[in-house]
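*Asks:* My questions all concern the structure below.
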There are 2 protein chains.
Amino acid sequence: MQVAIAAFPRMTALDAIGPYEVLQRIPSLDLVFVGEQRGEIRTENGFLGLTVDATYDEVPSPDVVVVPGGVGTRKLLDGGPLVDWTRDTYVGAHFTTSVCTGSLILAAAGLLDGLEATTHWSAMDKLAELGAKPVTRRVIEHLGLRLIIAAGVSSGIDMALRLAELLVDTTAAKATQTLIEYDPEPPFDAGHPSKVDAAVMARVDEYRAVRA
Amino acid sequence: MQVAIAAFPRMTALDAIGPYEVLQRIPSLDLVFVGEQRGEIRTENGFLGLTVDATYDEVPSPDVVVVPGGVGTRKLLDGGPLVDWTRDTYVGAHFTTSVCTGSLILAAAGLLDGLEATTHWSAMDKLAELGAKPVTRRVIEHLGLRLIIAAGVSSGIDMALRLAELLVDTTAAKATQTLIEYDPEPPFDAGHPSKVDAAVMARVDEYRAVRA
């Protein structure tokens, strides 16, 4: 079974690597990073290069599609190869999934019209503009439509474990969770704007003004 | 402040990308992936290429060192550039840290002799062989020794948030946690062998026989 993960300039690395790390442990899954061109792309602020191993044209019918987000999505929303590939592969895929602002790409491809969906907390308005109904939830499943939509960045790990269950079975999901020792102990209860005070949000704004 | 993340063939991607994703959000930190040679390395089962941007020699005095793990560590434990660089950079670094079997590298460099430390649950015996005292805990801090050691794979995210607090302040840590929306909701309580049954561990063994 082929899992295709989209990769593009200024994507958020963890959006992709979270699901990758879960799914690559399962022997029945083959993973490939796909993009507009083969070769290196630089993530987010440029500190990390990832390799695109196949073009969108070369991976026309993956079984699973994962679209990560990141500031780099903004340039892609008006259409182009990623939006086209997301729309085209949806027809035959078992599941089309997104992490973070990857859902904006799915929305731009017309897959989320009128549907409850989620994204990074900072992009809820944009998601609504693109036709979805934004909901604050970590993972949203539309199983009849073969769509799974995760919230910001780290939520892709939670999403991928559920995807492992759907693709294989519950034992597979628990086995991969054990393998990646995903027994989180966040040092703070601070994973969403609803959980932090104004001083933290001021720092969030300060950091966002400089770094993706 | 310079944060250097080691990269080598068959490393576990999430070991590195978890801390990367937290720390790259903080404008006062510059991150660099370092390795034996510049250019691409392939992680784990080969599905993902990451770029090494500088050699160990080119980054002789980083402020923070992050050593990820993965099956690729095994070949490196008898000494060589990564063990030497870990030992040499320790002298001047504010913090030397590891994720997963990255702690085996720190131990091979002599940094963990007689100290409580942790690693991936599957490598506890190896850690003891290398002179440390293995303990099942998600993050172990020896602040006087400027060492922070995380358990398997995903624990690097928890470790890096604590590191953000130590390097900057609590507000910085909470801001980055908010930015990566790290409010985990694992779909199963299965992140460690102590939490799963024999059927899951049989699947773990089956997967490990094929995939890293």
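Read the figures in this text as sums done on the coordinates, not as results from a lab. What you see is a predicted model, and the numbers here were worked out from it, not measured in a lab. Because the Cβ atoms are built from the backbone with ideal geometry, glycine has one as well, and the counts that use them run over all protein chains shown.
*Asks:* Please give the net charge around A:Val153, taking every other residue with its beta carbon less than 12 angstrom from that of A:Val153, where Lys and Arg add +1 and Asp and Glu add -1. Display every interim value, and only then the final one.
*Replies:* Details: positive: A:Arg138, B:Arg25; negative: A:Asp15, A:Glu44, A:Asp158, B:Glu21, B:Glu181, B:Asp183.
Charge balance near A:Val153 sits at -4.
*Asks:* May I ask for the net charge around A:Thr170, where only other residues with Cβ less than 12 Å from the Cβ of A:Thr170 are counted and Lys, Arg are +1 while Asp, Glu are -1? If you can, show how the numbers build up before the last one.
*Replies:* Details: positive: A:Arg162, A:Lys174, B:Arg203; negative: A:Glu165, A:Asp169, B:Asp197.
That works out to 0.
*Asks:* For the pairs A:Lys75/A:Lys195; A:Lys75/A:Lys133; B:Lys75/B:Lys133; B:Lys75/B:Lys195, flag any whose C-alpha to C-alpha distance is greater than 27 Å. Walk me through the numbers before you get to the answer.
*Replies:* Details: A:Lys75/A:Lys195 31 Å; A:Lys75/A:Lys133 22 Å; B:Lys75/B:Lys133 22 Å; B:Lys75/B:Lys195 31 Å.
Table pairs above 27 Å Cα-Cα are A:Lys75/A:Lys195; B:Lys75/B:Lys195.
*Asks:* Here is a further query. Residues with beta-carbon under 10 Å from that of B:Ala212, excluding B:Ala212: net charge, scoring Lys, Arg +1 and Asp, Glu -1? List each step's numbers first, then the result.
*Replies:* Values: positive: A:Arg25, B:Arg10, B:Arg208, B:Arg211; negative: B:Glu44.
Once positives and negatives cancel, what remains is +3.
*Asks:* Using a Gaussian network for chain A with springs between C-alpha atoms less than 10 Å apart, which of these wobbles most: A:Val196, A:Val135, A:Val59?
*Replies:* A:Val196
*Asks:* Further question on the same structure: Along segment B:121-128, what does the Karplus equation 6.51 cos²θ - 1.76 cosθ + 1.60 (θ = phi - 60°) give for ³J(HN,Hα), rounded to whole Hz, x for Gly and Pro?
*Replies:* Whole-Hz 3J(HN,Hα) from phi for segment B:121-128: 4, 7, 10, 4, 5, 5, 4, 5.
*Asks:* Determine the distance separating the Cα centre of segment A:188-212 from the Cα centre of segment B:1-15; give it in Å without decimals.
*Replies:* Spelled out, the Cα-based centre of one part sits 26 Å from the other.
*Asks:* Quick one, can you get me the convex hull of the C-alpha atoms of the protein assembly as shown expressed as volume per residue in Å³?
*Replies:* Details: hull volume 50.1 nm³, N = 424.
Looking at the protein assembly as shown, the number lands at 118 Å³ per residue.
*Asks:* Rounded, prolate or oblate: which fits segment A:112-212 when a ≥ b ≥ c are the square roots of the eigenvalues of the alpha-carbon gyration tensor, with rounded for a/c under 1.5 and prolate only if a/b beats b/c? Mind dumping the intermediate values first?
*Replies:* Working: a/c = 2.80, a/b = 1.25, b/c = 2.24.
The shape class here is oblate.
*Asks:* While we're looking at this one, here's another question. Which value in Å does the Kirkwood hydrodynamic radius of segment B:2-185 take, with 1/r averaged over all unlike C-alpha pairs and then inverted?
*Replies:* On the way: mean 1/r = 0.0630 Å⁻¹.
The Cα-based Kirkwood calculation yields 15.9 Å.
*Asks:* In percent, what relative contact order does segment B:142-212 have, based on Cα pairs under 8 Å that are 6 or more apart in sequence? All intermediate terms of the calculation are to be shown ahead of the outcome.
*Replies:* Numbers: 21 pairs, mean separation 9.0, N = 71.
It comes to 13 percent, rounded to a whole number.
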